[in-house]
Structures are given as structure tokens and as C-alpha cells.
Amino acid sequence: MTNVYVESYGCSNSQAEGEAIAGLLKNSGFRIVDNEKNAGLLIFVTCYVKTPTEHKILRRISDIIEEYPRKKIIISGCMPEGIHEILVKKFPNASLVSTHHVNDIVKAAKQTIKGKRIELVGKSNQVKACLAKIRKNSLIDIVPISTGCNSSCSYCCVRLAKGKLFSYPKEDILKEVRNSIKQGCKEMWITSQDNASYGNGKLPELLNDMTKIRGDFMIRVGMMNPRNVLPILPKLIRAYENEKVYKFLHLPVQSGDDAILKKMNRGHSVRDFEKIISKFKQSFRCNLWSDVIVGFPGETEEQFQNTIDLVKKVRPDWVNVSKYGSRPNTPAAKMKQVNSDAIIKRSIKLSKIVRQLSLEKNKEWLGWKGRILLFKKGNKKNQWFGRNCAYKLFIVELEGNNFGKFVNVEAIKADKAYILSESV
Ligand code: SF4
């Protein structure tokens with residue numbers, strides 16, 4: 001049977017699709033290899049959320065085809081939905097199996113290796129739960145709970161590829177979690193484009209049922225749009241009270257200026273964002289991540305300053321700072337763009353503030369004692385990476401194989417990226 005190499009790009013959701021593609025193919029007799037040289041079939045799980053990412057992936061596929069003209073190629077992920085024409089023109093012999101057709105990968109692979117070009121694109125309501133997987137980290141199950149989004153942020157091309165929100169049946173998701181615990185997983189990453197929109201307000205119920213599942217495991221809730229957190233906030237906070245749920249909140253705000261948020265069509269205000277954070281902070285010692293886009297069309301220096309002021313005020317543990325880049329077929333692409341020098345300057349300025357904040361936030365944990373889940377071995381001898389109850393990254397030195405163990409530590413030194421600890 002043919003050797004297959006799978007290369008995945010993008011968000012956790014996309015990584016989960018790559019793991020499922022490898023799992024489904026292995027279960028039907030293909031051999032999964034870890035490099036393109038030894039493979040007859042190469043599958044790229046693509047992302048096109050940003051222009052640089054798109055260009056990098058297109059260049060990678062071009063280089064591969066030039067170096068290995070006889071190898072078979074399948075392009076999967078979001079690109080077949082988002083930039084279909086470009087793919088057909090650039091890679092006329094490649095099969096396309098989009099993010100909506102992952103469950104049909106075996107059929108497509110069998111046809112493609114016989115030299116037949118397959119195209120499986122277009123919206124579908126495939127449930128990508130309970131699929132066989134080859135996990136990158138055997139401790140971590142990336143649990144997709146829905147696909148698509150009902151919001152329409154004016155800069156976003158993801159929703160154009162993913163389509164409208166389709167929430168997976170709760171029973172399928174719970175079955176996935178039960179199965180992955182049996183397979184030794186200790187961490188569940190709840191993932192989708194906007195987890196707060198699950199089942200139009202059913203995320204708290206889902207979390208409550210998930211925490212009732214027997215086993216010593218932790219749940220990380222992925223990114224949520226503030227507009228969909230507000231209606232479920234009290235219930236969500238109660239669901240987070242369960243010790244199995246990491247006190248980790250990933251809440252993209254994108255801008256600290258209400259006029260810009262309006263142009264982004266985010267559907268929430270700066271005040272809404274602050275309200276959610278203060279409710280969480282009143283309830284838990286939480287680890288807050290956010291996302292900001294700098295240089296959105298029309299953003300003035302004053303409006304950018306509002307973003308800086310907001311970040312300094314709410315003091316997130318981390319902020320993903322993105323330089324605005326127009327994406328195909330989005331309303332924002334038609335707006336008057338900010339010049340790229342200003343965008344770069346703003347990105348550098350905000351990133352510097354974010355790094356300083358990360359160090360200060362990690363320093364606040366010094367002296368903390370508690371248990372962490374060891375999920376990765378470090379490069380140094382006896383070095384282990386772990387996560388505490390707030391999904392803060394810890395490093396500890398411990399002899400022996402401690403992969404997947406919960407160990408008790410004390411935080412002794414802070415870095416901007418992690419907290420150094422010793423076992424107690
Ligand atoms: S919430 Fe907005 S940015 Fe996120 S996927 Fe939906 S439309 Fe895109």
C-alpha cells in the first residue's frame with residue numbers, strides 16, 4: 001500500500017483534521033510516514049487566514065511538485081474552499097478535498113494514487129467527531145465541537161471557507177472524549193471557529209456533561225467571540241468552576257476602539273469585553289489570552305492608542321498581535337487601507353508591551369504551589385513542560401519518565417514565556 005505524508009497548517013481545528021486524515025488512512029491500510037521523501041501521496045491541510053500564510057503554503061506545494069513531479073498530491077483544509085480557482089490554475093493535477101470532506105479522504109486517496117484527479121469541495125455537514133486519529137501528542141485530544149461561524153467580521157475569510165455554524169451532536173462529542181480518555185489522553189482541547197457559539201448557547205451544558213465523564217483529565221476551552229459569550233456568561237462561569245476546566249480564557253478583542261470594532265462588525269463593544277473579563281477575574285485566578293489586529297482600515301493613531309490603553313488596563317497574559325492584511329472577498333478589503341509602515345510600527349510597539357506584560361503576569365505566580373500536567377519532555381536532561389490549573393506553562397526538572405503525570409510543584413522563577421518550578 002502507498003506511503004502517505006500529511007502536513008498540516010493553521011488553527012487547532014486544522015491540526016485536528018490533519019490528525020484525523022492520518023488516522024482514517026492508516027485504518028484503511030495506508031502507511032503514514034513522517035517525511036515527504038518516502039511518501040507516494042502527499043496531503044497538505046491548508047490555512048489561508050492570512051496572506052503570508054497563504055503564500056508560504058503555495059510556495060511549499062510548488063517546491064514539492066518541482067522536486068517530486070511524480071508524487072501524488074491532495075490539497076485539503078480551507079484553501080480548496082477559499083481560493084479554489086488559484087489552486088486549480090497553479091496545481092491542475094492535484095486533488096482537492098476541502099475541510100468539509102475530511103471524512104471522504106480514504107476514497108479520495110485511493111482514486112488519487114490511481115492517477116485520477118478528485119475534487120470534493122462545497123459546504124457539507126460532516127461531523128468530524130469520533131474519527132480515528134494519529135495525534136501529534138498522544139496526551140492531547142483536539143476535540144472539534146462545530147464548524148463554521150454565524151458572525152461576519154468584516155476582515156475574516158475563515159467564515160467564507162467554513163460557512164455557517166454547524167454544531168456537532170453533543171453525544172458524538174462526549175463519545176469522542178470518552179474514547180480519547182480510554183486511549184490515554186489527559187487534555188481535551190475544545191476547538192472551533194468560535195466555541196461560545198456552540199449549539200447557539202449550549203457550550204456550558206456541553207462542558208458540564210464533559211466534566212461528568214470519569215477520569216483525571218483537563219479541558220481547555222479555545223477561542224470565543226465576546227458577542228457570543230455575553231448571553232451565556234453566568235452559566236459559562238459556573239461550568240468553569242469545575243476543577244477539570246482550565247481557568248484559561250481565550251477572548252479575541254481585535255481592537256480597543258469601539259468605532260473600529262463597529263467597522264470590523266465584531267458585534268461587541270470594548271465595554272462588553274471588559275465586563276466578561278472582570279466577571280471571570282472575580283470568580284477565578286485566570287490566564288487570559290486575547291487577539292488584536294493592528295492597522296485595520298481607517299485606524300488612526302488615537303484609535304490604536306485606545307487599543308494600547310485597553311491592553312494595559314486588562315493586562316492579558318498573552319496577546320496574539322496580527323498586522324491587518326486584506327483577504328479576498330471580505331468587506332474590509334474594499335475599505336481605505338492603512339499604510340504598511342504604520343502597521344509595522346504599531347505591531348512592533350504593541351508586541352513589546354505584550355512581552356513585558358507576559359513577564360509581569362508570570363511573576364505574579366511566584367510562590368504558587370500546586371499540581372501541573374506534564375505533557376512534553378524538554379531539550380535539557382530531566383526537563384519537563386507542564387500546565388497548571390490555569391493552563392500556565394511551567395518547566396520542572398524531574399528524573400524518570402513523567403510523560404502524562406500530574407506532579408506537585410512550586411513556582412520559583414518567571415520568564416516571559418514560562419514559569420520555572422521545582423517539585424515539592
Ligand atoms: S468570529 Fe469573526 S473572525 Fe472568528 S471565524 Fe467568525 S467571522 Fe471569522
C-alpha center-to-center spacing [segment 151-174, segment 197-269] in angstrom: 15 Å
statement: Label model pair A259, I412: point-to-point distance (7 angstrom along the Cα→beta-carbon line) in nm is 5.3 nm
field: Highest-fluctuation residue, E66, E187, E81 considered, GNM on the chain with Cα pairs under 10 Å
entry: E66
message: If I take all pairs of Cα atoms in segment 3-120, what percentage of them are more than 24 Å from each other?
response: 14 percent
Considering only the chain, percent of DSSP beta bridges that pair antiparallel, nearest 5: 35 percent
query: Looking only at trypsin sites (Lys or Arg not before Pro) in DSSP loops with at most 11 other Cβ atoms within 10 Å, what is the longest site-free stretch of the chain?
result: 215-335
statement: Rounded to whole Å, √(5λ) for the Cα gyration tensor eigenvalues of segment 33-89, largest first, gives 20, 11, 11
task: Could you state, as a whole-number percent, how many of the C-alpha pairs of segment 49-194 are farther apart than 19 Å?
output: 60 percent
- prompt: To the nearest 0.05, what FRET efficiency results for S152 and N35 with a Förster distance of 41 Å applied to their C-beta separation?
  reply: 0.55
message: Helix-only estimate, please: 222 nm mean residue ellipticity of the chain, summing -39500 (n - 2.57) across DSSP H runs of length 4 or more and dividing by its residues, to the nearest 500.
response: -10500 deg cm²/dmol
statement: Over all viewing directions the Cα convex hull of segment 369-423 casts an average projected area in nm² of 3.3 nm²
- request: Find the centroid of the Cα atoms in segment 1-72 and in segment 395-416, then give the distance between the two in whole Å.
  value: 34 Å
statement: Cys in the chain lacking any partner Cβ under 4.7 Å -> C11, C47, C78, C130, C149, C157, C185, C286, C389
field: Environment charge of I343, counting only residues whose C-beta is closer than 14 Å and scoring Lys/Arg +1, Asp/Glu -1
entry: +3
message: Please compute, over every Cα-Cα pair in the chain, the percentage with a separation greater than 31 angstrom.
response: 43 percent
field: E171, E243, reordered so the largest accessible area comes first (probe 1.4 Å)
entry: E243, E171
Nitroxide proxy distance, nm - points 7 Å out along Cα→Cβ at E397 and H55: 4.4 nm
query: Based on the alpha-carbon gyration tensor of segment 331-387, what equivalent-ellipsoid semi-axes (square roots of 5 times the eigenvalues) come out, in whole Å, largest first?
result: 39, 16, 12
query: Ignoring ligands, DNA and RNA, what accessible area per residue does segment 285-424 give at 1.4 Å, in Å²?
result: 50 Å²
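The values are calculated or read from the model by the stated rules, or taken from the named source; none is laboratory data. Just so we're clear, the structure is a prediction, and the values are computed from it rather than from any experiment. Here the Cβ is made from the backbone with ideal geometry for all residues, glycine too, and neighbour counts use every protein chain on show. Areas reflect the complete protein model, heavy atoms only, side chains present, ligands, DNA and RNA absent. Shrake-Rupley method; radii C 1.70, N 1.55, O 1.52, S 1.80 Å.
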